[in-house]
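Colleague: Once you've had a glance at the structure underneath, I'll fire off some questions.
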Amino acid sequence: MSVFSPPEPADIILEVRDLRKEFIARRGRARVRAVDGVSFALRRGEILGLVGESGSGKTTIGKLIMRLVEPSSGSIEVAGFEPGPRGGGADIAYRRRVQMIFQDPYASMNPHFRIKDVLEEPLLIHHIGKTREERLAMVARVMEKVKMTPVADFLDRHPHMLSGGQRQRIATARALILRPSVIVADEPVSMIDLSTRAEILHLLKTIQEEMELSFIYITHDISTARYFADRIAVMYLGRIVEIGGRDEVIDHPFHPYTRALIAAVCEPEAGRAGTLRELQVRGEIPSASDIPSGCRFRTRCMYAAEECSALPEPGLEDIGGGHSHACRRWKEIGATRA
Amino acid sequence: MGDMTRAGTEPVLSVRGLKLHYFTSKGAVRAVDGISFDLYPGETLGLVGESGCGKTSAGSALLGMASPPGRIVEGSILVDGTEVVGMSERSLRRDLRWSKVSMVFQGAMNCLTPVYTIRELMAETYREHAPEKKRDAVAKGGEGIDNLLAESLRLVGLPAATLGRYPHELSGGMKQRVAIAMALFLEPKVVVMDEPTTALDVIVQAQILNLVKGLKRDLGLSCVFITHDLATEAEIADRILVMYAGRMAELGSSEDIFGNDPRRGSQRPRRGSSHPYTKMLLASTPRLHRRVSELAFIPGSPPDLIDPPEGCRFAPRCPFAKAKCHRDEPPISELGPGHLAACWKAMEDPEYERL
């Protein structure tokens, strides 16, 4: 399948090169390397899942792409075009192309706004539509797209009058109304009930296919990534440690951290309550202000050897088919490849 | 815990016809509207359902709690033979909460007051609820109490040094462990855990589940485990009670709910859940090791519990609903030993197609 072959330059809608973000904490006494050298390319019409625990830097990457925080170094290009200084013409044009769906549908909308105000605001900011009627027609169209119908029933409601699932539909509509090229969805379903979660993911996927949108899907839940994403990038402490097609990464993981993430997922099957589970990982994620030398996963890795701390940090190694990982000892550990 | 092993064993907790309603200005919200179950010693019972199904209300009722404007209006809760319903607030505090039934609250890790050290937080709980002997040790302070507290931290895999730390210095997983240690300190008969892993990362979730399993094995913990996630229940619960709109939809062993693979040499092959609600909850649970192109979902949302629908409360969302389901409430019927469901379809046609 074409998704697994290396991308042609023309296919690439978003490219991130050696992106870094350092926060200074504790009055200058700690440097938190939240994103620590991340490069990837997103193809047109592709969904890339960024998967990792809290503290892995996945949300910071989303914010960097959205220009909500400035990178310390590295570059981000959307459709071959860099945003330039904040507030400039290029920046505004960039922001129109990249939109975000936030995690918390209860906190991402102004409670004083009616739904039509929530959806009209981006149009006003970007001077789209000459008259109110024209803008409201666009609002109605996008609401139909996210299945908030009959539209007239919802236009004058306030966000608190909607359920979590409905709010996340409105958040999606707000992201779509500018017809962006890339949507960053940061845990868009993690606060929604399991029974509606699938409904929202299904809606996002339908819209993505219809509009040929490209998605960055940020999540801690690798099982929804399997369903929703085309490719999966596994992040650990600010870096990508494995990336590849979703089935490749989940069925044949190479990096011990990816394996640990997979081993930790609960499956709805009987007969598991009696036994402790082997977790293939020690302890909890260290602070990003104190990243271990050498391989950053070695302090929790069950397979760490001397070389893992003595040698410099391993980079991503391509093992074919667009599947790469950053583990020096992958041969010794023994791949589970069929 | 199979069905066979508990012949002659008395349940440690026995709930009958429990109703907890919230009296709002718009009317009574029937959050828990008649549920019955038993919990046997050493067993974990999973309480599962969507938000708004009454799981948390039912869980806190076991401690004689109902947050205002809620009130337990009917039913009986026997803990180790003692009736909880109707107990005075004073005796609830003195004789039940924490000493007999304790709870790990939803988001418990964010309930630790930030200005106190873990030592102070834990000591406070014990001053409030501990029986005389332990309370004396706590009141005297000094090394005696530190040893007691350190011992209960050790039980949940935390070093004694944690006592001197403040909540913000601990990770989410460590705070959750502190909350569990606090719930276990007085060796209660029953521990209610309300979504103890929901806000945690997958790996930490798995570590906490392992911890609870270990406690179950080593201490013979009896536990009511509340979550909206059936996959988590599969990992921890011996039996599962599925709640819908304040009522019981289905109750059965893990095998009754999830089915089993007869090839693995189980005693009795089981095909899995019988209630359409359970089936649909299961179908909407994402599975990592199965390639799926479509996840199912349950259309609509749980009903308004001020004015719940007549007949079966799930009927408006149920693909199998017939006229009868909208009219008459289904009785609870036994489909197999210990396997109960409230569904006309499951009762009349147990072989109906799997979803």
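Quick note: the coordinates plus some simple rules give every number you see, no bench work behind them. The structure presented is a predicted model; accordingly, all values stated were derived computationally and were not measured. Glycine also receives a Cβ, built like all others from the backbone with ideal geometry; neighbour counts cover every protein chain displayed.
Colleague: Relative to the compact globular guide of 2.2 N^0.38 Å, what is the alpha carbon radius of gyration of the protein assembly as shown, as a ratio?
Modeller: Expressed relative to 2.2 N^0.38 Å, the Cα Rg reads 1.00.
Colleague: Right, next: How do B:TRP344, A:TRP330 rank when sorted from fewest to most other Cβ atoms within 10 Å of their own Cβ?
Modeller: With the fewest neighbours first, B:TRP344, A:TRP330 line up as A:TRP330, B:TRP344.
Colleague: Continuing with the same structure: Multiply the residue gap between B:HIS326 and B:THR82 by 0.36 nm, knock off their C-alpha separation, and tell me the result in nm, one decimal place.
Modeller: 84.0 nm
Colleague: Once both labels are modelled 7 Å past Cα along the beta-carbon direction, what's the A:MET211-A:ARG141 spacing in nm?
Modeller: Computed distance between label sites A:MET211 and A:ARG141 equals 1.1 nm.
Colleague: Let me ask you something else. Rounded, prolate or oblate: which fits the stretch A:114-251, taking a ≥ b ≥ c as square roots of the Cα gyration tensor eigenvalues, rounded meaning a/c under 1.5, else prolate when a/b beats b/c?
Modeller: prolate
Colleague: Let me ask something else about it. Using every alpha carbon pair in chain B, what percent of pairs falls into each 20 Å bin from 0 up to the bin containing the largest distance?
Modeller: Calculated over all Cα pairs of chain B, the distribution is 28, 57, 15, 0 percent.
Colleague: Please go through the residue pairs B:LYS100/B:LYS216; A:LYS63/A:LYS205; B:LYS55/B:LYS100 and name each one whose alpha carbons sit more than 18 Å apart in this structure.
Modeller: Over 18 Å Cα-Cα: A:LYS63/A:LYS205; B:LYS55/B:LYS100.
Colleague: Could I ask something else about it? Calculate I(q)/I(0) for the stretch A:197-338 by the Debye formula, one identical point scatterer on each C-alpha and no solvent, and give its log10 at q = 0.17 Å⁻¹ to two decimals.
Modeller: Those come out to -1.03, one per q.
Colleague: Mind pulling up the Rg/Rh value for the stretch A:30-124? Radius of gyration and Kirkwood radius, both on Cα.
Modeller: That ratio equals 0.98.
Colleague: Hey, with R₀ at 41 Å, roughly what FRET efficiency would A:TYR106 and B:ASP218 work out to, going by the Cβ-Cβ distance, to 0.05?
Modeller: FRET efficiency, A:TYR106 to B:ASP218: 0.55.
Colleague: Given Cα pairs under 8 Å that are at least 6 residues apart, what percent is the relative contact order of chain A?
Modeller: Computed value for chain A: 21 percent relative contact order.
Colleague: Once you put a point 7 Å from the Cα of A:ASP18 and another 7 Å from the Cα of B:VAL115, both along the Cβ direction, what distance in nm separates them?
Modeller: For the pair A:ASP18/B:VAL115, the computed spacing is 5.0 nm.
Colleague: For the stretch A:179-189, in order, what is each residue's ³J(HN,Hα) by Karplus, 6.51 cos²θ - 1.76 cosθ + 1.60 with θ = phi - 60°, in whole Hz (x at glycine and Pro)?
Modeller: Once θ is set to phi - 60°, the couplings for the stretch A:179-189 become 6, x, 8, 10, 10, 9, 10, 9, 6, x, 10 Hz.
Colleague: With r as the distance between the Cβ atoms of A:ALA305 and B:ARG16 and R0 = 56 Å, compute the FRET efficiency 1/(1 + (r/R0)^6) and round to 0.05.
Modeller: The computed FRET efficiency comes out at 0.40.
Colleague: A further question follows. How do B:CYS343, B:CYS325 rank when sorted from fewest to most other Cβ atoms within 10 Å of their own Cβ?
Modeller: B:CYS325, B:CYS343
Colleague: Could you tell me what % of all Cα pairs in the stretch B:29-100 have separations over 13 Å?
Modeller: When every Cα pair of the stretch B:29-100 is considered, 69 percent fall beyond 13 Å.
Colleague: About its Cα centre, how strong a charge dipole does chain B have in debye, to the nearest 20, once Lys and Arg get +1 and Asp and Glu get -1 at the Cβ?
Modeller: 240 debye
Colleague: Still on this structure, please answer the following. Give, rounded to the nearest 20 debye, the magnitude of the charge dipole that the protein assembly as shown has about its Cα centre when Lys and Arg contribute +1 at Cβ and Asp and Glu contribute -1 at Cβ.
Modeller: The calculation lands at about 900 debye.
Colleague: Moving on. Taking the Cα centroid of the stretch B:11-80 and of the stretch A:290-327, what is the distance between the two, rounded to the nearest whole Å?
Modeller: 50 Å
Colleague: What does the charge dipole of the stretch B:159-314 about its Cα centre add up to, to the nearest 20 debye, if the Cβ of each Lys and Arg holds +1 and the Cβ of each Asp and Glu holds -1?
Modeller: That gives the stretch B:159-314 a dipole magnitude of about 640 debye.
Colleague: Out of B:LEU158, A:ILE24, A:PHE40, whose Cα points farthest toward the positive end of the dipole of the protein assembly as shown (charges: +1 Lys, Arg; -1 Asp, Glu; placed on Cβ)?
Modeller: Most positive-ward Cα: A:ILE24.
Colleague: For A:ARG86 and A:HIS252, compute 0.36 nm times the residue count separating them, minus their Cα-Cα distance, and round to one decimal in nm.
Modeller: 55.5 nm
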